[in-house]
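Here's the structure, in structure tokens; my notes come after.
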Amino acid sequence: MDESVSYWLLSIVLVLSMLFVLELVQRKGRLFRALNKFGGPPVRPFIGTLGEIMFMNQAKTFRYARIWAKRYKGSYRFLWYNWFYVLNVVRVREAEPLLSSTKNIDKSRFYGFLHPLLGLGLLNSTGQKWMHRRRILTPTFHFNILNGFHQTFVEECDQLIAALSEDASSGKATKLQPVMSRFTLSTICETSMGVKLSTMAGADEYRQKLYEIGEMLVHRLMRPWLHNNLACILTGYQNALQKLLLPVHFFTTGIINQRRQEFQQTTVDKAEIITEENLYTSTKKRYAMLDSLLLAEQKQQIDGEGIREEVDTFTFEGHDTTASALVFIFFTLAREQQVQERIYEEICEVQNRKSVKDEPFNSQDYADMNFMDRAIKECLRLWPPVPFISRTVSEDIVLSDGNIIPAGVIVNIHIFDLHRDPEQFPDPDVFDADRFLPENVDRRNPYAYVPFSAGPRNCIGQKYAMMELKAVVTHTLRQFRVLPKTRLEEINFVADLVLRSTNPIEVKFVKRTAN
């Protein structure tokens, strides 16, 4: 036999032998044995369950996540050799000990894919950096400041009503995603950043590029060889991503520069606004979250890069997630006409109690509308804006049945499926606002419903988001009836940064006649 042939045969035998040994070692390892007690796809030699997910596109990824949750009737595992071990959590019995933990708070390596977009801001950071940023930003969501934001919501709702009226007067159906996305980007810019969207260039391109970036991130996630940064460079992935990021960061940098200039010109002492409660609403100029960051910069508690990280994070999270929520709220209200009418009656009841006709609603009015609150929560249960979060387990989690989620494992919490846990939500696909009656909430595990996550890493802006959602629903339903256009079976859900469909979700807004 030719010497070169013998050499290559020997090399192949050695490689296969090494893989065989590695296979045996991994199957006997602690992580493998612990996770293999959960259901999941067959574990193939050498590649584990990797073959189940490779090359999937966004739509197939979303669809199969739902299929696997039903097939295995509970949380299930993926074992990806030489990369990582993953437990996909779809039941509260595994979600609760993770979300409630004060130690297992590290985001998984998947969030590293978001670093080029968002940096290491509040969403992606951990440890002391996360705690420090949380301390800086928490006062910006004080209830007095949130009440001040309400006037902005009202003003922006007037603009939204004007846009919807154009479609209503022509009898056209409204594509919800672009309309709601423009609205929420405008509100987050004015409330949290202190700038008017009309003064900023590149807003439409910013929103469009976010969709394309989300598609690229899922593409990378489903192709393990792209998890390596060097491979991203060699394949051209990184260069393509950087081109998409340029207009995104141009937009947010413009926000920072404009507000910094205004901040430096003002004569108001920002330190007092943060520390003296009576000054939260006493300034002539509305307070913005970005002011806290600029003040912290003056005190050398954060640098310019840190400000950009948080502005990138809050501009994205504060508009895209809320826009997704509004899309599916109006989609659901169009399908549930009786629910819509009951909310409208509640709105009229509160309005009729006011001494001045057409007096604007306030935060207390929203608190009095109990059914609307329950209906919105049920919409968020069915259609959570962030359907997926991921953590790395840093300390073993011992479950009630004695099974262990060992340190080193990645846990993906599929909120979309968690909210459909039949043990917590009977007939989970049926809309039922009464699930959120106080007596029903008290009987349910508090970690069964987590549209804003839960525990130490819950969403810092959830009260802001709920106030915005209630303001939009109230002002819109006062003016319009919402009729269905897109059917549920027509929606092509995709795995993305937020819950999204590739095809437009449409409803018809019909002007209400005066009472």
Report, by residue number, each residue of region 330-347 that is closer than 30 Å to Asn144 by Cα and either exposed (fewer than 13 other Cβ atoms within 10 Å of the Cβ) or in contact with a Cys (Cβ under 6 Å, 6 or more places away or on another chain) (or both). Glu345
Hits in region 397-437 (condition: in contact with a Ser or Thr (Cβ under 8 Å, 6 or more places away or on another chain) and farther than 30 Å from Asp373 by Cβ): Ile397, Ala407, Gly408, Val409, Ile410, Val411
So Tyr76 ticks every box in (1) within 26 Å of Asn229 (Cα to Cα); (2) crowded, with 16+ Cβ neighbours inside 10 Å but one. Which box is left unticked? (1)
Counting just the residues of region 325-362 that are among the aromatic types (Phe, Trp, Tyr) and modelled with pLDDT of 90 or more, which one comes out farthest from the chain's Cα centre (by Cα)? Tyr344
Checking the conditions here, which among Asp421, Asp373 is out of contact with any strand residue (DSSP E or B) (no Cβ under 6 Å at 6 or more places or on another chain), in contact (Cβ under 8 Å) with a residue 12 or more places away in the chain and outside any loop (DSSP other than H, G, I, E, B)? Asp373
Checking the structure you have, find out if any residue of region 38-57 is at pLDDT below 90, on the phi > 0 side of the Ramachandran plot, out of contact with any Lys or Arg (no Cβ under 8 Å at 6 or more places or on another chain) and outside any loop (DSSP other than H, G, I, E, B). yes
In region 448-496, which residues are more than 25 Å from Asn352 (Cα to Cα), hydrophobic (A, V, I, L, M, F, W, C) and under 16 Å from the mean Cα position of the chain (by Cα)? Val450, Phe452, Ala454, Cys459, Ile460, Ala465, Phe493, Val494, Ala495
If Phe388 satisfies every condition in (1) within 22 Å of the chain's Cα centre (by Cα); (2) modelled with pLDDT of 95 or more but one, which is the exception? (2)
Cβ pairs under 8 Å, 6+ apart, first in region 144-161 and under 14 Å from Lys196 (Cα atoms), second aliphatic (A, V, I, L, M) and in a helix (DSSP H, G or I): Phe149/Met467; Phe153/Met467; Phe153/Ala471; Phe153/Val472
Restricted to region 469-512 and to residues being among the acidic types (Asp, Glu) and either free of Cβ contacts under 8 Å to residues at least 24 places away in the same chain or part of a helix (DSSP H, G or I) (or both), the residue surrounded by the most Cβ atoms within 10 Å (Cβ to Cβ) is Glu490
Would region 435-451 turn up any residue that is within 30 Å of Arg33 (Cβ to Cβ), part of a helix (DSSP H, G or I) and modelled with pLDDT of 95 or more? no
Checking the structure you have, find out if any residue of region 220-240 is of a type in the set (Lys, Arg) and in contact with a helix residue (DSSP H, G or I) (Cβ under 8 Å, 6 or more places away or on another chain). yes
Within region 27-37, track down each residue that is in a helix (DSSP H, G or I) and over 13 Å from Arg77 (Cα atoms). Arg27, Lys28, Arg30
Can you pull out every residue in region 342-370 that is under 18 Å from Arg512 (Cα atoms) and in a helix (DSSP H, G or I)? Arg342, Ile343, Tyr344, Glu345, Glu346, Ile347, Cys348, Glu349, Val350, Gln351, Asn352
If you take the residues of region 1-29 that are small (Gly, Ala, Ser) and surrounded by 10 or more Cβ atoms within 10 Å (Cβ to Cβ), which of them is modelled with the highest pLDDT? Gly29
Being out of contact with any Lys or Arg (no Cβ under 7 Å at 6 or more places or on another chain), of a type in the set (S, T, N, Q) and over 20 Å from Met372 (Cα atoms) narrows it down to one of Thr322, Thr332, Thr313, so name that one. Thr313
Enumerate the pairs (first residue in region 116-128 and more than 17 Å from Pro247 (Cβ to Cβ); second residue anywhere and in a helix (DSSP H, G or I) and among the hydrophobic types (A, V, I, L, M, F, W, C)) with beta-carbon separation below 7 Å, excluding pairs fewer than 6 apart on the same chain, so at least 6 apart or on different chains. Leu122/Trp130; Leu122/Leu137; Asn124/Leu114; Asn124/Leu118
Every residue from region 444-495 that is of a type in the set (S, T, N, Q) and farther than 30 Å from Arg512 by Cβ: Asn445, Ser453, Asn458, Gln462, Asn492
Does any residue in region 196-224 that is under 22 Å from Val386 (Cβ atoms) come within less than 8 Å, Cβ to Cβ, of a residue that is in a loop (DSSP other than H, G, I, E, B) and of a type in the set (Asp, Glu) six or more places away or on a different chain, and which pairs are these? Tyr211/Asp496; Gly214/Asp496; Glu215/Asp496; Val218/Asp496
Scan of region 98-113 for residues that are of a type outside the set (Lys, Arg), closer than 24 Å to Glu215 by Cα and outside any loop (DSSP other than H, G, I, E, B), ordered by number: Phe110, Tyr111, Gly112, Phe113
Being closer than 29 Å to Gln242 by Cβ, more than 18 Å from the chain's Cα centre (by Cα) and not hydroxyl-bearing (Ser, Thr, Tyr): is that true of Trp68 here? no
Phe371 - would you say it is surrounded by fewer than 18 Cβ atoms within 10 Å (Cβ to Cβ) and modelled with pLDDT of 95 or more? yes
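The values are calculated or read from the model by the stated rules, or taken from the named source; none is laboratory data. This one's a predicted model, so the numbers in the text were calculated from it and none came from an experiment. Cβ coordinates were reconstructed from backbone atoms using ideal geometry, including for glycine residues, and neighbour counts include every protein chain displayed.
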